[in-house]
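What follows is a single structure, written as structure tokens, with notes after it.
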Amino acid sequence: IFSCAKCQTHIAANSAVVSKAFTGRFGRAVLVRDVRNVVLGAPCERMLISGLHSLADISCSGCSAYLGWKYIATNEQSQKYKVGCFILE
């Protein structure tokens, strides 16, 4: 189970992992299909290594710690599999 590093609130199950081969803003990250106990921020566009994506930051519902982001949309055809998934840093 993935938990918030600050307050230990459960965020995602191991069965939700799509890939562990991702990099976030601060280093290694995990791509997951489903999360719990998070608050979704306002959507914004960011240029990532893989191209321009529409994202929304996610934070812990227990303590408001930054956790990562949700992929909202992308125009990059090869990156469409990420839409609806979450990056946990």
What residues qualify as long-range amide H neighbours of A13, i.e. H under 5 Å apart, gap of 5 or more or another chain, H built at 1.01 Å from N? F2
Amide H of V38 versus every other amide H placed in the peptide plane: which residues, excluding those fewer than 5 positions away on the same chain, fall under 5 Å? S61
For S19 and S3, extending 7 Å from Cα along the Cα-Cβ vector and measuring point to point gives, in nm, a value of 2.9
Let me have the relative contact order for the stretch 3-45, percent, based on Cα pairs under 8 Å that are six or more residues apart. 33
Whose amide H sits under 5 Å from the amide H of I72, counting only residues 5 or more places off or on another chain, with H placed in the peptide plane? S54, L55, A56, G84
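Please identify the chymotrypsin sites (Phe, Trp or Tyr not before Pro) of the stretch 1-59 that satisfy two criteria: DSSP loop assignment and at most 14 other Cβ atoms within 10 Å. Which are they? Display every interim value, and only then the final one.
Values: sites: F2, F22, F26; in loops: F26.
Of the chymotrypsin sites (Phe, Trp or Tyr not before Pro), the ones in loops of the stretch 1-59 whose Cβ has at most 14 other Cβ atoms within 10 Å are F26.
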With contacts defined as alpha carbon pairs under 8 Å and 6 or more residues apart, what's the relative contact order of the chain in percent? 25
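Here, each number is a calculation from the coordinates, and none is a lab measurement. A quick note: this is a predicted structure, and the numbers were derived from the prediction, not measured. Cβ sites come from the backbone with ideal geometry, for glycine too, and all protein chains shown count toward neighbours.
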